[in-house]
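Trainee: Below you will find the structure I want to go over with you.
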Amino acid sequence: MSDLQGKKVVVIGGCGHVGLPLGVKFALAGAETTLVDINKDSVDSVMNGNFPFLEHGGDEQLHLALRMGLKASTEKSVCAGADIMVFVIGTPVDEHLNPKLSDVLKIFDAYREFFTPELLVVMRSTLFPGTMEHLSERLKAQGIKTKLAFCPERVSQGYALDEIDSLPQIVSSFDEESFKSAYEVFRCLAPSVIRLTPLEAEMTKLMANSWRYLEFAIANQFYMIAEQSGIDFYRVFDAIRYDYPRASGYKAPGFAAGPCLFKDTMQLASFFNNQFYLGHSAMLVNEGLAEFTVAKVTNCLDGNLWGKTVGLLGMAFKPDNDDIRESLSFRVKKALEFAGANVIWHDPYLADSTDLDQVLTQSEAIIMCTPHKAYRTINFNCPVIDVWGVSGRPQLEVLPGTESVEKVRKVI
Ligand SMILES: NC(=O)c1ccc[n+]([C@@H]2O[C@H](COP(=O)([O-])OP(=O)(O)OC[C@H]3O[C@@H](n4cnc5c(N)ncnc54)[C@H](O)[C@@H]3O)[C@@H](O)[C@H]2O)c1
C-alpha cells in the first residue's frame, strides 16, 4: 500500500500543465486529491474527464483518477484539513525580465489560514533562487509553523504523465522533519529522490533550463551564420554529426520559445545581477531567429512583402503540442503583418486554424514555424523557410574510404 493512501492532498494551480498531471498521479497513488484552480473552464473540463490541454495519454489516466475520487474546485475552502498542500502556479518574469515574485508571495499568504504544524507545504513551481528562504523567513516572522519543502517539477510539457513516473525527483527543505515528509510523498511517485538544499534545488532547475536554452541558441546562431553566407546550414550540420560521436548531442536549430526556457534563463540572469552574458546573448539569438526568417521570406518574395500572402505552419511553441504560450510564431506573424503581408496560418492542434490545403495553395511563401509531424511529408509548391530542416534536406555526400578498420590495423 502506498504511503499516500488516504492522505488528503490539495494542488493549488491544479488544473495547469504541471498541476494536473501531478494531481492525477496523486489520485492514482491512492491520495484523496483535490485540484484547486481559479480557472473555472479548466476545473469544469477536468471534472468532465477532459484535459484542458494536450497531454499524451492524459484523458485515460484522468478518467481513472476521477473514478478513484479525484476532484477539482475553484473553492479554496477545500484545503481545510489537508495533509499535503502543493503550490504549482506560474512564475513568470515581468516586463523588465525580472522575476514576478509577487504572485508566489500573494498565493502563499492567501492560503496561510490553512497552514498547521502537521501540514506539508510543497512548492512545485520553478522558483527564483532565494524564494524558499524568503518564504521560510516569512512564516517565522508571522509565527506560523508548518512543514515546508521545495520539489521542483522537471517534466517536458505534454509528456508529464510518463516523466513523473520515470524522472528522479529533487526534494529539498530546511529541516529534517519537512524533508522526511516530502521524501515519503515523492518516493511513492518517482523512481529515486535526490536530496538538495532549497537554494541548490532552485539553482538546479534554472541552470537545467538555461543550459537547454543556450544549446538551442548556439545551433540557431550557427544556422544564421551559415545561411547568411549563402550556405545550406544542413550540409554543415549533417557533416558535423555524421559518424562523429563528439557531436551526437549537437542540437538542430529551431524556434526556442515557450513558457519556461526563456523566463528561466532571465530569472538566472536577474539572480546573477544581469552578468549572465551567455543567457542574455542566447535570448537575443533565439528571439532574433524570428526576424531572421522574416528577412529570408522577404528575400524570397523580391524584397517586398506588401500585399503578399505568407503562410505559417504551426503556431504552438513546440511540435505536436497545442500550447501557444510565448510561441515565436506570433512574433513572426506580427513582423510579417507590419511589413504589409497577408498572413494565413495552420496548426492541427488549434481550433481556429485555417484549412491546411488553403494555406498550401494560397501562400506565395511559407515559414515552417513548428515542425508538427503532420508537416513532414508535404510536397510544397512555393518557397519554404524551414529552420528546422524537416521539409527536405540536402543529401550529404559520403564516399567510401578504407574498407575496414581491421585492414588498416594490419597495415600499421
Ligand atoms: N509547463 C511545463 O511543462 C513546466 C515544466 C516544469 C516546470 N514548470 C513550472 O511550473 C509552474 C507552473 O507552470 P504551468 O505551465 O503549469 O502553468 P499553467 O499556467 O499551465 O498553470 C498554472 C495554473 O495555476 C492556476 N492559478 C493561477 N493563479 C491561481 C490562484 N491564485 N489560485 C489557484 N490557481 C491559480 C491557473 O489558472 C493555471 O491553471 C511554473 O513555475 C513553471 O515554470 C512548468
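The values are calculated or read from the model by the stated rules, or taken from the named source; none is laboratory data. Computed from a prediction, not measured in an experiment: that's the story for all the values here. FYI the Cβ positions are ideal-geometry reconstructions off the backbone, even for glycines, and counts take in every protein chain you see. Heads up: the accessible areas ignore ligands, DNA and RNA and are worked out on the full protein's heavy atoms, side chains in. Shrake-Rupley method; radii C 1.70, N 1.55, O 1.52, S 1.80 Å.
Trainee: Decide, for the chain, between rounded, prolate and oblate: order the square roots of the alpha carbon gyration tensor eigenvalues as a ≥ b ≥ c, take rounded if a/c falls under 1.5, and otherwise choose prolate if a/b is larger than b/c, else oblate.
Mentor: prolate
Trainee: For ARG325, list long-range residues whose amide hydrogen, built 1.01 Å from N in the peptide plane, is under 5 Å from its own amide hydrogen.
Mentor: Excluding prolines and chain starts, which carry no amide H, the hits are PHE317.
Trainee: I need the phi-derived Karplus couplings for the stretch 184-199: 6.51 cos²θ - 1.76 cosθ + 1.60, θ = phi - 60°, integer Hz, Gly and Pro marked x.
Mentor: Per-residue couplings from phi come out as 4, 6, 7, 5, 7, 10, 10, x, 7, 10, 9, 9, 9, 7, x, 5 Hz.
Trainee: Angle, helix 277-300 long axis vs. longest principal axis of the chain, Cα atoms, 0 to 90°, nearest 10?
Mentor: 40 degrees
Trainee: 7 Å from Cα along Cα→Cβ at both ASP232 and ASN98: what's the point-to-point distance in nm?
Mentor: Placing both labels 7 Å beyond Cα along the Cβ direction yields 4.9 nm.
Trainee: Of the cross-linked pairs LYS7/LYS263; LYS40/LYS140; LYS8/LYS76, which ones have a Cα-Cα span greater than 24 Å in the structure shown?
Mentor: LYS7/LYS263; LYS40/LYS140
Trainee: Shifting gears a bit: Return one number: the angle in degrees, 0 to 90 and rounded to the nearest 10, between the long axis of the Cα atoms of helix 131-142 and the longest principal axis of the Cα atoms of the chain.
Mentor: 20 degrees
Trainee: Pulled fully out, how much extra length does the chain show between ASP44 and HIS56, if you take 0.36 nm times their separation in residues and subtract their Cα-Cα distance?
Mentor: 2.3 nm
Trainee: Dipole of the chain, Cα-centred, from +1 at each Lys and Arg C-beta and -1 at each Asp and Glu C-beta, to the nearest 20 debye?
Mentor: That gives a dipole near 720 debye.
Trainee: Related question: Go ahead and estimate [θ] at 222 nm for the chain from helices alone: -39,500 (n - 2.57) per DSSP H run with n ≥ 4, summed, over the residue count, rounded to 500.
Mentor: Dividing the helical sum by the residues of the chain leaves -12500 deg cm²/dmol.
Trainee: How big is the gap, in Å, between the Cα center of the stretch 191-249 and the Cα center of the stretch 305-345?
Mentor: When both Cα centres are located, 25 Å separates them.
Trainee: In square angstrom, what is the accessible area per residue of the stretch 225-385 with a 1.4 angstrom probe?
Mentor: 49 Å²
Trainee: Accessible area per residue of the stretch 8-196 at 1.4 Å probe, in Å²?
Mentor: 42 Å²
Trainee: What number do you get for the stretch 225-385 when its Cα radius of gyration is normalised by 2.2 N^0.38 Å, N = residues?
Mentor: For the stretch 225-385, the normalised Cα radius of gyration comes out at 1.12.
Trainee: Calculate what fraction, in whole %, of the accessible area of the chain sits on carbon and sulfur atoms when a 1.4 Å probe is rolled over the protein chains.
Mentor: Looking at the chain in its full context, I get 53 percent from C and S.
Trainee: Now a separate question. Report, in degrees rounded to the nearest 10, the 0 to 90 angle that the Cα long axis of helix 328-338 makes with the longest principal axis of the chain.
Mentor: The angle comes out near 50 degrees.
Trainee: Roughly how big is the stretch 225-385's charge dipole about its Cα centre, with Cβ charges of +1 (Lys, Arg) and -1 (Asp, Glu), in debye to the nearest 20?
Mentor: That gives a dipole near 400 debye.
Trainee: Restricted to Cα positions, what overall size does the stretch 1-44 have along the principal axes? Three whole-Å values, descending.
Mentor: Largest to smallest, the principal-axis extents are 34, 15, 14 Å.
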